[in-house]
Structure formats: C-alpha cells, structure tokens
Amino acid sequence: MKFEHVVCPLCGCLCDDLELIVERNEVISTKNACALSRSMFLNLNADLAKPLIEGKETGIEACVDKAIGIISKADYPLVYGLASTESNAQRKAVELAELLGGAIDSTSSICHGPTVLGVQMMGEVTCTLGTIMNQADLVVFWGSNPVDAHPRHLTRYSLTPRGLFTPRGRKGRRMIVVDVRETKSSKLADRFIQLKPGTDFEALSSLRALIKGEKIDIDPELKELAEEMKSCEFGALLFGQGLTMSNGKNMNVNAALALVRDLNQHTKFAILPMRGHYNVTGADMVFTWQTGYPFAIDFSLGYPRYGPGEFSVVDLLSRKEVDVALIIASDPVSSLPAQASSYLSEIDTIVIDPNRSMTSEIARVVIPTARAGISAEGTAYRMDGVPIRLKKVLKSPYPSDYEVLCKIVNGVIDGRSKDS
Amino acid sequence: MEDLKIVNGIVYDPLNGIDGERLDIHVSGGKIAERAKAQRVIDVKGMVVMPGGVDIHSHIAGPKINMGRRLRPENHRTAPVPKTDVTRAGVGGGLSSTFVTGYRYAAMGYTTVMEPAVPPLMARHAHEELNDIPMVDKGCYVLMGNNEYIISHIHELNKVENYVKWLLNAAKGYAIKAVNPCGSDNWKWGENVHGLGEKGVKFDATPKEMITTLSEVNKRLKLPHPLHLHTIDLGVPGNYETTLETLEMLKGKRAHLTHLQFNCYGGSSWKDLSSEAGGIAEKVNDSKITVDSGQVIFGDVTTMTADAPWQYRLYRLSGNKWVNNDVEVECGGGIVPYRYRKKNSVNATQWAIGLELLLMIEDPWRVYLSTDNPNGGSFTSYPYIIKLLMDKKFRKEELSTLHQNASSTSLPDIDREYTLGEIATITRGATAKSLGLKNKGHLGVGADADIAIYPLKEDIAKMFSKASYVIKDGDLVVGKGKIISEKYGKTFMLDFKEKVEPDPDVREFFKYYTVDIENYPVEMAYLPRYEAIKCG
Amino acid sequence: MLMGEGIKLRLQKEFNVPVDAPCIRPDLFKTLGNEKIKNLDLHVGNKVKGLKDLFEVEGEFSDEITIDGDLSNFKGIGHKMESGKITIRGTVGMHTGAEMSGGKIIIEGNASDWLGAELQGGMIRVKGNAGNLVGAGYRGSKVGMRGGMIIVEGGVGNEVGALMRRGTIAVGNAGDFTGCFATGGSILVWGDTGERTGAFMSRGTIVLYHEPKLLPTFKYGCAYNPVFLRMLLRLLSNWVDVDPQYITGNYKRYSGDITELGKGEILIWVG
Amino acid sequence: MWINTTEIENTFAEAFVMWGARVLVTGKDEKWAEVGAEALTGFATSVIGCGCEAGIERAVKSDETPDGRPGVSCLLFARGREELGDQLVNRIGQAVMTAPTTACFDALEGDQRVPVGDKLRYFGDGFQISKRIGDKRYWRIPVMEGEFVVEDKFSIQKGVGGGNFILLSEDPDTALTAAEKAVEAIGGMKNVIMPFPGGIVRSGSKVGAKYKSLGASTNTPFCPTIKGLVKTQLPDEVNTVYELVIDGLDIESVKGAMRLGIEQASTPGIKKITSGNYGGRLGKYMIALQELFGDADG
C-alpha cells in the first residue's frame, strides 16, 4: 500500500512530502526521505519496547496500573521528555503534572532552552522556512550543521529551492557557515568562518558593534561578514546547538537575536533555531498555551511556576529533588549528563516509549506505545512553528502515548476519589 | 443537561426588542424554549438577565498570542491561577493561558469569543488552542489582506473568490480578516504602505484594491460576517484622513472596521496627536459600516498584530523587546510589550478616543465594545469600560486623573450614558448579528441557551465582572462569578454547501509553500465540537 | 518584645524534595504567637505541611529569626520581607531574600541561585558562597535589583547582578556575565571574575580587582581615582575589610557595552 | 552694662530670617579643598549686592568626609529658598566644579532640599552618571581632569542673617585688633560664619538713602568723619567704628557667637559696643546685647 504526503517524524524539518510503500505492516520503501529518515522508516520494528515491570515482561494494563500506583504516591514527580510525540500527548502530560503537583520539562531544556531564554529577554525577529525559500539571498548557519542534522533543510527550505523572489535558487543565494570546526555544511558554504571554540559571543557582539558603525579591532573576515549581512536583501541566521550549548548558552542566543534585530534597521533579516526533535517545538507550544511557560514548569503550589535551572530536568535530577520520574518519548539516560541521569536509576522511573532505550533499561516500569507519526496521528510543530498533522501508516498493538497518558490521568483521579 | 426555568429576572434582549422586562426564561435541551418542563427553577429576582456575551474581536488563540505568552514570563509570574476541583491551573495576566481565558470570559457572562487573526498556514495551531479554551463557543478569522496569491491575482475576481472560499474552508475559519492590506506584505522587504493608493514593493496591488476585492468577494460568497478590516496607517498621527477615505470607499458596503480607536488620530507627530473621533463617528453614522472600539486601558499590555511594520515602529518607539514573524506568502506579525500611561498625552488621548467612538456613533447596533485584547488591554477590563459608558460622573472622574490632552477631546462635553439595553446591544445582540450567528446574542425561542445573569449593583463595573449565574448551552457553569462546572463549547466554521476545490492556479502557487497542499487544510479532527454556519 | 529574644527554628528532618518557605519572614513572625508560627503552611514537594512538622519552633512575636539546619532545599525564605532580621546558621536554597525591600538576612553557610533576586532594599550578607543570578531580574524582566545591598564573602556563579538598576553587590569571586544587562547600580568583585563581564550593560558600574578578559565591545578611557568609588568603598568598609589602597589607588576605566547604550563602566584597579 | 572697660549699650541687634545651606568641599589635599571653598564663598559679603552671604565654617578632617579626603565646610545664606538654590547651583557650578580635584557634598541635615547636582549634571552633555551611595544620590560629571562629583540635592533650612555688634573706639589700631580678636574666637564656632572681609565690616549701612535708586546707604550715624553734619550715634572721642556681622544656621548659634565676640572685643580702648537696629523694621529677631550676658550669668 502506498502512502503519499507522509510527514516525517524525525527532525525539526518535518518534511511532509514523503511516499511510503507499506506491506504487511512494514515500510518497505521510501521516496523523498533523507538517509536518516529512510533508515528510521525501514527499521521501525527494531528494538521495540515491551511492557515491563522491574524488568519482567507483563501486560500493558498491569504496567499502566503499576505506573498509576507509583506516581500517585510521589511527593514530587517529574514528567519529562515529550519532544518525540504529538501534541495531544503533550497536553495530557501537562494535565498529569498539574494533577500530581509535580514538575514538567521537555528536551527543550537540554537543546534550545537557551533559545527560549534568549527570546524572553530580547524578543525574536523570525519567519517561517518558506519565507527563507521565497526571499533569502543570504543564509548564515551558525553553530549548525544541517547536512548532518537536518539533511533536507538546504534543499527544501534554505539553500537550493527556487522561491517566489528567488528564481535562481542556489545561484542567487550566499551561504555562510560560522562554526568552530569544518563540517559537511561548511564545505558547501561560499564563506566559512572558523571561530575559536567558545568565542561565539565575542564574534556576535563584535558584529553588532560593527553594524552600529562602531570601530573595533577584529578579524577582517567578521568585518566582511558584517558588511554582507547589512547589504543583503533578505538574510536569515540559522543557529543550532553549536551556539546554544557552547560557552555562554542563552547569552550567545541573546547576542544572535540582538544582532538580527539590529540588522533590521538596515535590511530584512530573520533568525531561526534549528530544532532537533521533530516536535520539541510542539512541546514548547503546548506548555505555553496551557501554562504560560514553555518548559521547566513546576506545579507543586497548584499553579504553574517557571524555573529554567530550577525545574529543568538536569537540575531536578542532579539535586535529587524528585522522587519519581515519568519519561515520555525520550531517552534521558543517553542524553543527560551522568550526574543527572544516574539518579534515574535510584528512583522509580517509568518510561512510556515505543522503543527500547537506555532509559527503559533502567526503568522500573516500561509502557510501550504506538509511535506518533507512524502508528498514531496528531499534531507536530515544525522548527519554525508551522503545525502539521502526522499520519498513521502502520498499525501498532499498543495504545498511543496520548491514550496511555489518559489512562494514567484517569487512574490518578479515580484513586483519589476512592481515597477520599 | 436538565431543563431550567429562570424566573423573576429583568430581561434585556435587544434582538427581540426586550428592554428591561420582567420575564421568565425557559431552557430545554440546551436551547431557549417556549416552555420547559422545568425540573430546576432558578429565582433571579432583582437580577439582570442577558444573552451570553459575544466578543467579536479578541486575540485568544494561535501562534501570535502564544508567542506573546512565551515572550512574557515576567507578566505571568505576577498572575498565577491555581487549579481548583473543577478548573485547570494557568496564568491570568494580560496573556492568560487558554483555560484561564475561558474561565475569565465565562465569569463575566461571555459565552462566545472570536479570535480575529489567524494565518491560514497556522490555523491548525489556532484550532488546537481554541479546543483548550473552555466555557465559550469560538471561531476564527483568516488573515488574507497580504496573501501573495490574492495580491498577485488582485484583478481576477473569480480566482480570488474561489481561493478565498477554499482558504476559509482549509483554515476552518469563519470570516475574512485583512490587516494593513498590502502594508504587511511590504514589511517582508522592510517597507510599509502609506495611503490607500500606494503600490506594493514587489506587487502591483494597492490597499484600496485589496480592500475592495475582499469586500466584493465577501459579498459574493454571502459570508455571515462582513470583511473584518484592520485598515492601513494604524497608530500613526494624522491617520484619520486615510480612515475617512477608507470609510468613503466602503460607503454603502458591508464591512467591519476593527479597533477603530487606533485610526482616529489627528496631528502630525506624537507631540500634537489629537482626536478626530468626531469626524470619523459622523462618517460611520452616515454609512453601513460596523466598528469595534479598541479601547486602551492604562497599564502593562502586550501588543500583537499582523500589522508587522507598525509593531516595528512601536519597538523603535518603546525600546521594548520585539517579536516579528513573517509567514510565507500569507502575512506577518509582531509583538511588543507596551505600557499605557495616564500621564502620557498620546495614551490619554487614545483612551478618550475609544470612548468618544462608543458615545458618538449613534447606532449601538453598529459599534461594539472591544479592547482588541490584549492590545489595548485585557478583555477583563470590559466591566470597567461598561461603567465608563453608563456613568458620566465616573467618566469625568477618570478623565481628571489623565494627561490634560484627553480633556481637549470632545469627551468632556458628551453627556450620553448608555442604558443596560444598549450595553446588551454592543456586547451581545449586535455582535451576534454582525457575526450572522442567529442562535447567539438573544433569548428568543430556539437560541442557544447561553445566558448571563448579573447582580444589580450600585457599581456597574462590579456587576459586570462577576455574573451571578452563567448558563452555557443549558448548563449552569458559573455561580457567583466562580466556575462551578467546566464545559467545552463548539467552534464555528462555514458551510459553503458544495465541495470546495482549489483552482489549478492555487496548486501551482503551492510551490511557494513549504507545506504540501494535501497537508495544508485543517482536518475535521481539529473541530471535535463544531457548528457550520451556512453561507448565503 | 524584649531585645535579644527572637524566634529560633531548628530543622528536625532532612528532605530531598524542595520546600517552598516564603512564610518564613520576620515581618510576619513578629505578629504571630508561637502556635500560629508553628502552624504556618509550607509546601514540601506536592504536600502541604506545617512549620512544626519540619522545625522545632521557639519564641514568638519577634522580628528576629534564627534558623539552624541544612536548608539547601528550602526556597524563598525571606521572600518579599520588609523588615526584621533572619540569621541562617547553615546553607540555604534558592530565592532567599528575593524581592525583599527591607531588613537583613545573614547566611552563615552558602546560598543558592537567585539570592536577593529583584531586591528592592535591605541587606543580605553571605559568609560562604552563593549561586547563579544573585540579585538578578527574573526571566523576561527588564529590571533586576532596584536597591539594597548584597555582600557575599565567598564566590558567586554566573550573571550576578543581571539587569541591575540600583544598589550595590560586593562578592569575593564571580562567574561569567557579571552585571549583564545592567542599567545602573554597582558591583564589586574583590577576587577573580569569569568572562564577558558587563555584556549588554547600558549603564552601571562594575569594579574589578583582578585583571579580567574584557569583551571587545568595551572601550578604554583613562586611569584615575574615582571620587564616587572612594565614597562607595568607605561605605562598604562598615561591613567588609577594604584595603586602603583600593580607596586611594587608580582605576582603568572602560566604557561599554557599545553594542548597547555604552554608558556602563568597568573599573579595574591598578594600584 | 560694662564688660571690663567697655560699655555694652542697652540695645538690640536686629537679625532676620535667611535660608542657609552647608556645603562641604573636598579636594586632593587641604590646599585644594580650601581653594574650592574660598572660591565658593568669594564675593559673598552681603545679599545686597552678592546674591548671598557665605563664608567658611571650618576645616573638616579627611576621616569625616564622605570621600575620605580633606574638606572645608562652608555656609551659604540667602533671602529665600529659590535664591539660595540658584546661588548653590551657580557657585558650585562656577567655583567648585572648575577647581582642580574638588568634590562637593551636602553637609546639612535639613528637611527641605533643593536640586543642585540635578541641575549641574546637564553640563555632562549626556555623559553624566547618577550614583546612589548609601541613601544619597550623586552625579558624576566628566571633566577634563577626570570627574566632578556633586550631590544631587542640597539641604536647606531657615537660618539667621545679620547678627551683629558694633565696636566704637578712639584709636583705629585698637579697634581693628579688638575686632580681629573677636573674629578669631568666633571662627572656631560651628553653625556660624562672618561673611565680610576678614569677618569685619567697615562700611556698615543703614536702610534707605538720599538717592532713590539705592535701598541702603552708608551708616551715617556711625561715620566719624561727618559727626558734625548728621544726627550721630558716636560720642566725641570715637574715631573708628567696625561692625561684626554673623550669619548662622540658628538663633542660638548666632547669639553664642555674638556673646563670645563681644567678650573678646571688650578690651581697653573700646569705648562702647552697640549694634545696628532699624527700630524693629528689618528682621524677625531682636537680640538684646545685654541679655546675651544675662543668659550667660544664668
């Protein structure tokens, strides 16, 4: 069976033009998919999670009941993950955290959390990816390597496509890469500026000063870059974790946001974060409309409080402040610093995930689910905030993340009404 | 859902010509009924009974308000809203979270709210948020005034008509919205338009052509609500001339000019900005146009509009943080926090203009209450505005605390005081009528049983800020200003009768989008509770 | 109320989950008898408990509070207090003294992040170290500390005095982004400072006693002995030992951050 | 009444209300503090022609000044609040800001305050910096030498102007010596200044004049050279008269200064000490000379 216009639930590009051939509930070929995406679609059945309690396989109902039992008794539970699921599951997760008086955080806090902090400080002059396609004659990739991390970004959105006002495609666009090392992307660039590691902030600040017309003693390449940025017709700065997770973090983002904002006194310029997980943006969105805050939220007082560095996953775990962790569609053991992730094996950790992961290995309860975007529908938000509906192409024996979370929420409520 | 009988109330139902009569209201099956087998009788002796409020223009859902929420944790921090046994937690500052938005509207007796500016590409997001707003029915208007397909087909009315129809259906929108037509598109190149006749930077289309085209299409499609227009030159000193020209251009046509306060400025700079509300009101009196006021409220607000060049200007003026988002081929938008100050001459004049419009436009069926939430202030300020309208003395007292420039408007000389019937008109009857929502804004038999019951209080602001009872679709949801039961309303969309297919041109145009045309239309999954209003 | 009496809290249990304790404030305690103090609510994780469940409470009707115990996970002690004195004989958690407008907090151990955040007035003294964002503005705010004084004898983390508008902060060592986004006020760092001191500052003063690595967006002015600094140091010498040479010595003056208004200053002592 | 061989006339000195301020000028060393203070209080003998009356109160040691440098405390008096404010702005701006190394502080505890630094700051052309240290606000104005620091507002209070006594002597040298002795003694006192040159006035004045354009003219009843032509107040043997004028922050300080001055000046050869009064028309305070000592005797 052939599925067209399929949305790829892998990276923040959320390409929606894939074609899949499905036979016997397996994807047997893909069209338009990048290498990462193809590999994902063709290996969907590898490493599937099984319902486990204390490492022993059991029924999914038993797992859900066990999870309800654990989480209902928690003094301060953490709900975490949610970057690789759809928005209904995210909504339900917020409801659960609120109900429990716990904390909720998404993987934003370990990738583009600094971006959010930057935006809250400086504002953000941005656009959708199609605006870049249609208008940009200059694209600057800063601390991001789209060729490896977002393989179709350059061809679908930012470099080669011919848009409404960019009929010459690649020929009409300058590509600049600023990074601390050569990458596959920098090799494609018209100009590559290699920074000393940990000096992004200085470089961005210097560019701002140059754009204001200040004279400073700086690398001539940066001076040329400043001129290029000022004189383009429509520029875009696309930044990744090379900026957000290097020395300076949110301050680097502040400087980048300010640079782009200031450039708008001279030309049109926009800035976009190159977000990794396909729906990490959605987690920000859902959390924000339900609570006012995009990540690192605490409900222990009955209302939402915002605390990056306080209620964010790394901080809560490394300070050992939570007593139960519910991990949804994420693998913190593989992605968090050891000091934080090791605590997950000390407490009651529950994992809701379609696949086995390092976290499910250490979890007390594992609840397998139907994978969003493959076996469950729902909304995902592209890295630029464009919402796209994920498709269901395969059947799964398991309920979706959303369905499992609904059961847990209802279970907690039922448990309470029995108690009282 | 039990049947109800609401007895002994003093009823204001302007659409049915009822102005303060003591009447009993019967509710059955979620509708107003001739006679209900009332199992439950609510005695509202001495209270005022009105149809549920209908807000025609309030930014409550979608990418823009959510970006605003994300931008302003400092605003939320001071306004936490704890969960209760029946309600969800959230934040309730000027940018309330979705749940709190619903609760706050309901507590004031509002039961229908329209989100007025949705980029079609982001409509799915708007619907997701609308679905998380409890207590009220809702709908959204679709941004079209800077749509590059329309701009580039501006002289092909049939194509535009087909496209608009398809787009409204794709976005599951309720009305056509135009914001700074052609100006926001120019902002994609850092420019704006000045005057109705100015051409775009990249396109051969003028604001005038865009407005007349959309208004004509609106008419041809027989949409229930007229073109909802945020016209050009908003916020700029001296813009009243453009506004008069716009009104002249639309004379005899149906159109709704929104938050008109921002378009009534005389003078040539911020220093000599003055009110031209009188002339504008006269022109409105002399037309078929409807308007909403866009009252400003003193204090901290977050301005947000698809008028992106205006937001850039406001950023440069205020130095506050600024968000801009250009949406491919459709529109753009901006967000800037701002503080309206009593002692600021411009802000004080803006405050006065909003009231002048409401008081000088004679026909309450054609001027509606709004703050352009959250731009001029929060919707939670409506009771305060109602008090200003109903109480001349209070108006004067407030005026005396403002910068003197507010007193050089005609406001001090206006003696008009709104009656409760007129308040009911500008907050529900007329707005429902303008929206073409035949089951809203009145208490006639067959109407949705959305009922707001207010305690008759000395202080009018207090009276309207906490309804004694609110009934939504026949269920009692608010008691003494508190939510006693959470309930989700429906979303209004349009019913075009026949299937809507895009023109081949539109398919061709989608190469300028980064989303496949097949994935573009909002699926019905996003409207779990809906009512499709027939066009025509 | 007799002088010297005061209220004593002794922590009885140790917790890992965070405890939200803004009720511990002298201007409130001064109005309460012992029983009422004992019954004040605290949030321990998602549970509400009484003060007496955690502390042994002695004394009543006093605006001097002394607390013994490891309060590392206690947040918001002295939040918004307007008067009185808290002495913490140990280490304390986040948001201590945040938004306070008067009175005094003495911390004999260490303090955590957001110490004295958005401080309006009063004084906080820490014998040990403090965390990040001391005296800073909360997320999204335009203005951080608006007055008062914070003295940390040990080191502090990053972004001390972020968004500061008025007041004085004096610390042993400081991390990165000291005084970022400042629009006024004075920050003195007796020891070492990290990188990017004064980033985005538009006004305000940062005084350093060890040669830092400055951002390229700060511009050198001259070396001189600033009279106002003599005054500030003499005032500070009421609470900390100030080397007389700091008062009489010369300072190199840098203006910045030129990416912003550029009217801030970094003064570096040259002896 | 007599002190030693000097007759103290039974009359009163007529003093009036003035607004006073205490300005502390500091500098790199005593010299430059003094230079600033001298300039600040220069040409300030009489409000009649100088706008204010001012003088140095005392030297202030470095450990008592806000910036830890030597200072000089000055008192300035003017008829009204606004005049005093203007004088402070003009004088501090022209005489202290211009003087090398100086800084300028408010050294009065008063409840009313006038803007000074707050006005002078504009000289900084946008580069001035406001600093709050303790509970006071200062302005730092960039100047060619470095920075001039001046307090934002200065306290003012109601004070007393025109406390005086007049020495009548046979011999010019005796008169001057006695006057100097009085000045020296009063110089050690707080809260008062003697605004005239060396603390001594030779050209005492009376209210009114023959010429309509003048409000005051030479004190003819006390001018020895024209004794024969006017209704004189001078005995025949008197050849020289000096007046000592004292302005103070409060009446008690002025009285104390007058008492000490009269005691010190009552030396052989000083025939009589009297004082200028205008029949009660000039001022609020009438300081009876003899009562000064009545008080002292107790």
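Taking all pairs of distinct Cα atoms, average 1/r, flip it, and tell me the Kirkwood hydrodynamic radius of chain D in Å to one decimal place. Walk me through the numbers before you get to the answer.
Working: mean 1/r = 0.0499 Å⁻¹.
Computed over Cα pairs of chain D, the Kirkwood hydrodynamic radius comes out at 20.0 Å.
Per DSSP helix of 4 or more residues, -39500 (n - 2.57); summed, then divided by the residues of chain A. What does that give at 222 nm, rounded to the nearest 500?
Details: 17 runs with 157 residues, N = 420.
Only helices count here, giving -10500 deg cm²/dmol.
Roughly how large is the A-B contact in terms of buried accessible area, totalled over both chains, probe 1.4 Å, nearest 100 Å²? Each step should come with its number before you reach the end.
Values: alone 17490 and 19430 Å², together 31850 Å².
Buried area (both sides, nearest 100 Å²): 5100 Å².
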Exercise. If one computes the Cα centroid of the range C:1-70 and of the range B:424-485, what distance in Å separates the two points?
Worked result: 47 Å
Seminar exercise, completed: Taking placed amide H atoms and a strict 5 Å upper bound, the residues 5 or more places from A:Met274 or on another chain that come that close are A:Phe239, A:Gly240
Problem set entry | Between 0 and 90°, nearest 10: helix A:87-100 axis offset from chain A longest Cα axis | 60 degrees
Seminar exercise, completed: Diffing the range B:464-473: the Karplus 3J(HN,Hα) column from phi (6.51, -1.76, 1.60, θ = phi - 60°), in whole Hz with x for Gly and Pro, holds 8, 8, 9, 5, 5, 9, 10, 10, 10, 6
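Return the calculated 222 nm mean residue ellipticity for chain C, to the nearest 500 deg cm²/dmol, obtained by summing -39500 (n - 2.57) across DSSP H runs with n ≥ 4 and dividing by the residue count.
Details: 5 runs with 28 residues, N = 271.
Counting only the DSSP helices, I get -2000 deg cm²/dmol.
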Problem set entry | Options D:Asn277, C:Phe181, D:Val35, ranked by Cα towards positive dipole end of the protein assembly as shown, top entry (Cβ charges) | C:Phe181
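How much mean residue ellipticity at 222 nm does chain B get from its helices, if each DSSP H run of length 4 or more adds -39500 (n - 2.57) and you divide by all residues, to the nearest 500 deg cm²/dmol?
Working: 18 runs with 157 residues, N = 536.
Here the helix-only value at 222 nm equals -8000 deg cm²/dmol.
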For this session: Within a 10 angstrom radius of each residue's Cβ in B:514-526, how many Cβ atoms of other chains show up on average? Whole number is fine.
Result: 6
Seminar exercise, completed: If every Lys and Arg gets +1 and every Asp and Glu gets -1 at its Cβ, then about the Cα centre chain A yields a dipole, in debye to the nearest 20, of 1200 debye
For this session: Would you mind telling me the share, in percent, of accessible area of the protein assembly as shown contributed by carbon and sulfur at probe 1.4 angstrom?
Result: 48 percent
Problem set entry | Spatial separation of Cα centroids for the range A:337-368 and the range B:17-83, in angstrom | 45 Å
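Arrange the peptides C:134-143, D:178-187, A:165-174 so that the one whose residues have, on average, the most other Cβ atoms within 10 Å appears first. The partial results should precede the final answer.
On the way: C:134-143: 23.7, D:178-187: 19.8, A:165-174: 15.1.
Descending packing order for the listed peptides: C:134-143, D:178-187, A:165-174.
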Exercise. Taking the Cβ of C:Gln120 as the center, what net charge do the other residues with Cβ under 11 Å away carry, scoring Lys and Arg +1 and Asp and Glu -1?
Worked result: +1
Problem set entry | Other-chain or far-sequence residues with amide H under 5 Å of A:Leu390's (modelled H) | A:Gly378, A:Thr379, A:Ala380
Seminar exercise, completed: The answer for the net charge of residues other than A:Val324 whose Cβ lies under 13 angstrom from its Cβ, with Lys and Arg +1 and Asp and Glu -1, is -1
Seminar exercise, completed: Under the Karplus relation with 6.51, -1.76 and 1.60 and θ = phi - 60°, whole-Hz ³J(HN,Hα) for the range B:77-94, x at Gly and Pro, equal 4, 8, 9, x, 10, x, 6, 10, 5, 10, 10, 7, 7, x, 10, x, x, x
Exercise. What dipole magnitude, in Debye to the nearest 20, does the protein assembly as shown give about its Cα centre under +1 on Lys/Arg Cβ and -1 on Asp/Glu Cβ?
Worked result: 2080 debye
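Per residue, how much accessible area does chain B show when a 1.4 Å probe rolls over the protein heavy atoms, in square angstrom? Don't jump to the answer; show the numbers that get you there.
Details: 16710 Å² over 536 residues.
Accessible surface, normalised per residue, equals 31 Å².
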Exercise. Along the principal axes of its C-alpha atoms, what lengths does the range B:45-178 span, in descending order and rounded to whole Å?
Worked result: 55, 42, 19
Seminar exercise, completed: Here the net charge surrounding B:Leu389, from other residues whose Cβ is less than 9 Å away from its Cβ (Lys, Arg +1; Asp, Glu -1), is 0
Problem set entry | Residues along the range A:273-304 losing 30 Å² or more of accessible surface when the other protein chains are present rather than the chain by itself (probe 1.4 Å) | A:Met285, A:Thr288, A:Trp289, A:Gln290, A:Gly292, A:Tyr293, A:Ser300, A:Leu301, A:Gly302, A:Tyr303, A:Pro304
Exercise. How about the range C:245-271: which of its residues lose at least 50 Å² of accessible area in the presence of all protein chains relative to their chain isolated, using a 1.4 Å probe?
Worked result: C:Ile258, C:Thr259, C:Lys263
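Say the cut-off is 32 Å between C-alpha atoms; which of A:Lys187/B:Lys511; B:Lys31/B:Lys462; A:Lys187/C:Lys219 go over it?
On the way: A:Lys187/B:Lys511 28 Å; B:Lys31/B:Lys462 28 Å; A:Lys187/C:Lys219 36 Å.
Beyond 32 Å between Cα atoms: A:Lys187/C:Lys219.
Once you have the Cα-Cα distance between C:Lys213 and C:Leu235, take 0.36 nm times their residue separation minus that, and quote the gain in nm to one decimal.
Details: separation 22, 0.36 × 22 = 7.92 nm, distance 2.81 nm.
Contour length minus the Cα-Cα distance gives 5.1 nm.
Under Stokes-Einstein, with the Kirkwood radius over Cα pairs standing in for Rh, what whole-number D in µm²/s applies to the protein assembly as shown at 37 °C and 0.692 mPa s?
Values: Rh = 36.6 Å.
Stokes-Einstein gives a translational diffusion coefficient of 90 µm²/s.
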Seminar exercise, completed: One point scatterer per Cα, no solvent, Debye formula: log10 I(q)/I(0) for chain A at q = 0.08, 0.09, 0.10 Å⁻¹ comes out as -0.46, -0.57, -0.70
Exercise. What ranking do D:111-122, B:169-180 get when scored by the average of other Cβ atoms within 10 Å per residue, highest first?
Worked result: B:169-180, D:111-122
Problem set entry | Using alpha-carbon coordinates, inclination of helix D:172-187 to the longest axis of chain D, degrees | 40 degrees
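Count, for each residue of B:119-132, the Cβ atoms from other chains sitting within 10 Å of its Cβ, then give me the mean as a whole number. If you can, show how the numbers build up before the last one.
Details: counts 2, 0, 7, 5, 1, 7, 9, 1, 2, 10, 5, 0, 2, 5.
The per-residue average across the peptide is 4.
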Exercise. How are the C-alpha pair distances of the range A:51-128 spread across 5 Å bins, as whole percents from the shortest bin up?
Worked result: 3, 12, 15, 17, 21, 14, 6, 4, 5, 3, 0
Exercise. So which trypsin sites (Lys or Arg not before Pro) in the range A:326-420 are both in a DSSP loop and have at most 14 other Cβ atoms within 10 Å of their Cβ?
Worked result: A:Lys395
For this session: For chain C, build the convex hull from the C-alpha positions and give me its volume per residue in Å³.
Result: 110 Å³
Problem set entry | Shielded by partner chains, the range B:321-337 residues - at least 10 Å² of accessible area, 1.4 Å probe, vs chain alone | B:Lys321, B:Trp322, B:Val323, B:Asn324, B:Asn325, B:Asp326, B:Glu328, B:Val329
Seminar exercise, completed: At the level of C-alpha centres, the distance separating the range D:1-68 and the range A:304-324, in angstrom, is 66 Å
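Taking the mean number of other Cβ atoms within 10 Å as a proxy for protection, how do you rank A:196-208, D:136-148 from highest to lowest? Don't skip to the answer; put the middle values down first.
Working: A:196-208: 21.9, D:136-148: 17.9.
Taking the mean over residues of other Cβ atoms within 10 Å, the ranking is A:196-208, D:136-148.
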For this session: Please report, in cubic angstrom per residue, the volume enclosed by the convex hull of the alpha-carbon atoms of the range C:122-250.
Result: 97 Å³
Problem set entry | Area of B:Thr84 that stays accessible when all protein chains are in place (1.4 Å probe, Å², to 10) | 70 Å²
Exercise. How long is the range D:115-274 along each principal axis, judged by its Cα atoms, biggest number first, in Å?
Worked result: 65, 39, 30
Seminar exercise, completed: Of all DSSP beta bridges having both residues in chain A, the percent classed as antiparallel (nearest 5) is 35 percent
Exercise. Got a sec? Charge dipole of the protein assembly as shown, +1 on Cβ for Lys and Arg, -1 for Asp and Glu; which of B:Thr212, D:Phe12, C:Met145 is way out at the positive end?
Worked result: B:Thr212
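Out of all DSSP beta bridges with both ends in the protein assembly as shown, state the antiparallel percent to the nearest 5.
Details: 148 of 272 bridges.
DSSP beta bridges in the protein assembly as shown are roughly 55 percent antiparallel.
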Problem set entry | Karplus 3J(HN,Hα) series, Hz, for the range C:264-271 with 6.51 cos²θ - 1.76 cosθ + 1.60 (x for Gly, Pro) | x, 9, 10, 10, 10, 5, 10, x
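The values are calculated or read from the model by the stated rules, or taken from the named source; none is laboratory data. Predicted model, so just to flag it, every value in this text is computed and none were measured. When we count neighbours, we look across all protein chains shown, and the Cβ atoms used for this are built from the backbone with ideal geometry, even at glycine. Side chains are part of the model used for accessible areas, which takes the heavy atoms of the whole protein and leaves out ligands, DNA and RNA. Shrake-Rupley method; radii C 1.70, N 1.55, O 1.52, S 1.80 Å.
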